[in-house]
Structures are given as C-alpha cells and as structure tokens.
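The values are calculated or read from the model by the stated rules, or taken from the named source; none is laboratory data. What you are looking at is a predicted structure, and each value in this text was computed from that prediction instead of being measured. FYI the Cβ positions are ideal-geometry reconstructions off the backbone, even for glycines, and counts take in every protein chain you see. Heads up: the accessible areas ignore ligands, DNA and RNA and are worked out on the full protein's heavy atoms, side chains in. Shrake-Rupley method; radii C 1.70, N 1.55, O 1.52, S 1.80 Å.
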Amino acid sequence: MTISSLEIGQALSCDVQIANGRRLFSRGHIVTDQTLRVLKIWGVQHVSVHGTSDDCTSNFAGEDSSRHTCITDSASAIRILLRQSKAGIFPVSSIVEDCIRLANVDGRGEDGLFPSCCEQTSGSHQLSNSQKKIADALAGDIQYYFDGFPEDYFVFVQMLNNVYTTPETVVAVIEKNKRIRDKILRICESFINVTGCEIKSIYSCAAFLGNRTVLYLAIILVYLEHLYELNSSEAVLHTAKSALATGVAARYIAIASGASSKDSFFSNGILRDVGRLFFVRHFSSEYNAVRRTAAQNNLNICTAEILHFGMTHAEVGGRILKALGFPVAAEKSVLEHHLRFSKVGTKEHAIMQVAAFVTKALFYNPEYDTLPPSLDSDAWAILNITEESLSEIVEVIYLKSNEIIRLVYGE
C-alpha cells in the first residue's frame, strides 16, 4: 500500500526498515499521525498493512539512492536550506551563502565554515580593571545572581536529583502552578500531535515525555517566565527563543538519527547556551563588546569571551548548573558543548552540534548572534541523515520551534 493511501488506525503487517537496516516500525504497529510523518521523513513509499496482499519487501526505504544520499558536511546541508528558503518554505539568513563560500577551506577534516571555539582557557591574557571585576564576579558565588527566583524553580531542580521521584510527585508539584501546568500540557500536545488527541493531565505528559523531561520543562518555563518579567529586552528574548529552538531541533534530529531518549535532547538543547543567556542578561553592554571583538577580528566567540571575561559561556553555563544542583550529566553536556566532535565522538554530541547549527541557520540575527563555529564532517556522518530527510526535518523544526515559542510566550 502506498503511503498516500495509508490511514490512521491501520496495523502494519510487516516491519518497516530503512536502507541502513534500521527498523522504523515493527509488525503490528498501529498507524498514527506521527507514523505518517516519520515514514515521509525517511522516504518510505510503500508499507504492508493487515487485510491487504502487499509483499513485505516493499517496506524497505531506499530504492531511489539519489534521494537518500547522506549529508556529509555542513555545506551540503546549507544548500538544502537555501533551496527550501528560495521555495518559500521558511526564511534563511543570507549568512548561509557565506557558509557555502567558506566551506572546506582549511582542509583539516572540518567544514571550515568559521573558526572553531577553543577547547581550553588561557590565563596569559591581561584583563582590564573592569574586565577583571567581571571575571572575579564570575569566579565567585554565581548562585548570587539567582537570588529572588521563584521557589518552584529550586523545588523542581531538587527533584531532578531525587531517585525516588515518581510521576505522582511530579504531578503533585506541577499542579500547584496552573500557569506552568497549562503550558506544559500544550507543549506536550504539540509534540504528540495526533489528530483528536488532547492532553489533559501532567500524568499523561510524564508518561509520554518521561518524569525528568517534564521536570526540565517546568524548570525552563519558570526560568524563562521569570527572566521575561525582570528583563524583557530584545537581546534576552532572542537568546531565550534561540534556546527553545535549539531544544526542538535537537529532539527532532535525535528522532531522525535513531537516538534513544529523544526527549532528553529537548532539555539539553535548551540548557546548552544558559551561559550565553547569563552574559546577555547580566552583562549586556560588555557582551556586545565581546561580539564586536569576535566580528572585527574574525575570532570565534569563545576566544573573544576569554579576552573579555577570562572564561567562556560554556564554562559559565557549567558552573551555573553545578551551583544550582543540576545533575552532573547536564552540567557536563553544557560545559563541553563547544568541544570538537573528534574530542568527544558520541552520537549525542553530534546531535547537539548539528541542532545548534540548524538553529543558527534558521534564526540567525546579526544584531544578537555570532557566527556558528565549524563542525567536524564526522559529526554529520555518524547521524546518517539523508538529504531528503534533512529537508523534512528542518521544515518540522522551523514550524515546531515557532509553535513552542508561541506557547511559551503566549504570542
């Protein structure tokens, strides 16, 4: 049966596999809206369902190899983004044209789009007196900057580290904050996206996303809501929205690449640039100077941050999560997020780097953003994402990011 003829509620009579042998769905799977989207993303044309005489061999995606060429570098990905942009599917900043021009110029096995972020700090640079004050403040009790945050924020964080946290305790705590509860329900509903399916309880969200992801979502919502009340500047708002988009991108790239625990990528993606959000919020004018230094001297943002603050936003982000009591895994993910893929080598690291790259391409604003760093070509290769699937994924990322942002900020 062709995908266009497939109906929600039908049961697959055979496994559905893709060209690399990975199984998308098992025999007996009940077709949903999500099933149809996944089949489309992977280019599956035919499936077998109960009640038909279809041959199971037709359930294999990849007959047309020209449509299933895997992405091997960012230049190839950018060309796809440009093609979709010109077709009016979504806007892409003109910066991506420069990405193509600069791609693969350094011959070091990287895309060579822009300088990579540095991998260690350097203490040899002499800071000015004003810069030293900031550096001293950052090296001190960073939790000081979170005084006055809502109590819910710290309650949710403490629950992350409690091995006895159950769906019932998550529900009980979140139900006390109706505003946050309602936003979580709508976001969860957006992720499920099944026609006629309405999520009515936090318990259902926890069953679908997992306890920890729901807790992370609650923490992030309280945090962003509080920031908006304290400082609704365009720079802070843009950085926060970019963080949400990175989380959405990480989730859908994880799904497409077959990663486990796909929903943890959503929270990790949002937390990725918590250090940059901290800089933008507390040291706005100084961080503008950092961006100017990077742009005028063709430096990566990490090097410019060290020149001005003595540490990078990745280091600050890691220290923030440690000070607030976040799990070690979250702290490590943020602290190492600018390390080259060759230094880490995991699929999870590749997903996060590609997610940040896609987000920059879709939402880049030269007034607030810095140029994206280069990616190791191996980061693309390990994900095994085809050109066609990337086209589908990026469109979903763009639409879902805007939908999640609207739900968070009530736009």
Checking ARG281 against (1) out of contact with any Phe, Trp or Tyr (no Cβ under 9 Å at 6 or more places or on another chain); (2) open to solvent by 10 Å² or more (accessible area, probe 1.4 Å); (3) modelled with pLDDT under 90; (4) in a helix (DSSP H, G or I), which test does it fail?
(1)
Which of the residues belonging to region 212-246 are small (Gly, Ala, Ser), without any contact (Cβ under 8 Å) to a residue 60 or more places away in the chain and closer than 13 Å to ILE404 by Cβ?
ALA240, ALA243
Matching entry among ARG181, ARG186 (being open to solvent by 10 Å² or more (accessible area, probe 1.4 Å) and under 22 Å from PHE326 (Cα atoms))
ARG181
Restricting attention to region 155-176, which residues are open to solvent by 40 Å² or more (accessible area, probe 1.4 Å) and outside any helix (DSSP H, G or I)?
ASN161, ASN162, VAL163, TYR164, THR166, GLU175, LYS176
So the check is Cβ under 8 Å with 6+ separation or different chains; which pairs have a first residue in region 281-297 that's more than 16 Å from THR239 (Cβ to Cβ) and a second one that's assigned to a helix (DSSP H, G or I)?
ALA289/HIS308; THR293/ALA304; THR293/LEU307; THR293/HIS308; ASN297/ALA304
Matching residues, region 19-71, being exposed (fewer than 15 other Cβ atoms within 10 Å of the Cβ), at pLDDT 55 or above and not in a helix (DSSP H, G or I)
GLY21, ARG22, ARG23, SER26, GLY28, ILE30, HIS50, GLY51, THR52, SER53, THR69
Looking only at residues in region 345-399 that are β-branched (Val, Ile, Thr) and farther than 26 Å from ALA240 by Cβ, which one is surrounded by the fewest Cβ atoms within 10 Å (Cβ to Cβ)?
THR346
What number of residues within region 329-352 are assigned to a helix (DSSP H, G or I), closer than 28 Å to GLN158 by Cα and either under 14 Å from the mean Cα position of the chain (by Cα) or modelled with pLDDT under 90 (or both)?
8
Kindly establish whether ASP15 is of a type in the set (Asp, Glu), at pLDDT 75 or above and crowded, with 16+ Cβ neighbours inside 10 Å.
yes
